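A.B. asks: Structure in structure tokens, see below.
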Amino acid sequence: MSLARMAAITALAIVGIVTALYALAAILTAIMGLPWDLGLPWPVRAGGVAVLAGGLAMIAWLFRYRRPSEVVTSTHATLRKLAFGGGLTAPIGRTEPLVIVGPYRVVRHPMYSGVLLFALGIGLAADHAWALLGALFLFLWFALVIAPFEERELRALFGPAYEAYARVTPRFVPLPRRRRSP
């Protein structure tokens, strides 16, 4: 499959998942009678812009250590295996080496961390309950579905090297007290 086709399919899948999560958040906001606008003070909203910028910075940092084509290929492989099954070590695209430099020294999933910061920043800056609830749902999707599956896949692909890395590097949030050399 060509990289362009793979990127298009992966992008559509991601847009569909995110749209569904945010639609669910909007529906639950209405059903629960939550205020659409929270009335957050301007310093909190401005802080949301800073959080959003931090998310973009994390993603930009990630792309200094991984090519976009590698990210597309590995994301496509993971989503395909998650959706359609198949062995965790099946040769469906994941051929990149284990990367533990740059943002990967800080968290195991810098792309997810960056996207979560971006989503939280948007929710705070926009001052909408549904957007913050959508960011929470996105976090839950990453924390309960995607990251655990991907970590099983990475353990199967990289074995003891990934085990050692995972023991000393937090999943999403940098926790300096935990960081030791792998």
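A.B. asks: Please give me the summed charge of the neighbours of Ala13: other residues whose Cβ is under 14 Å from its Cβ, Lys and Arg +1, Asp and Glu -1. Before the final figure, lay out the partial values.
C.D. replies: Values: positive: Arg5, Arg80, Lys81; negative: none.
Net of charged neighbours comes to +3.
A.B. asks: Treating the angle as unsigned and between 0 and 90°, give the value, to the nearest 10°, between the Cα long axis of helix 110-126 and the longest Cα principal axis of the chain.
C.D. replies: So the helix axis and the longest Cα principal axis differ by about 10 degrees.
Here, each number is a calculation from the coordinates, and none is a lab measurement. Since the model is a prediction, treat every value here as computed from it, not as a measurement. Note: ideal-geometry Cβ built from the backbone for every residue, glycine included; neighbour counts use all protein chains shown.
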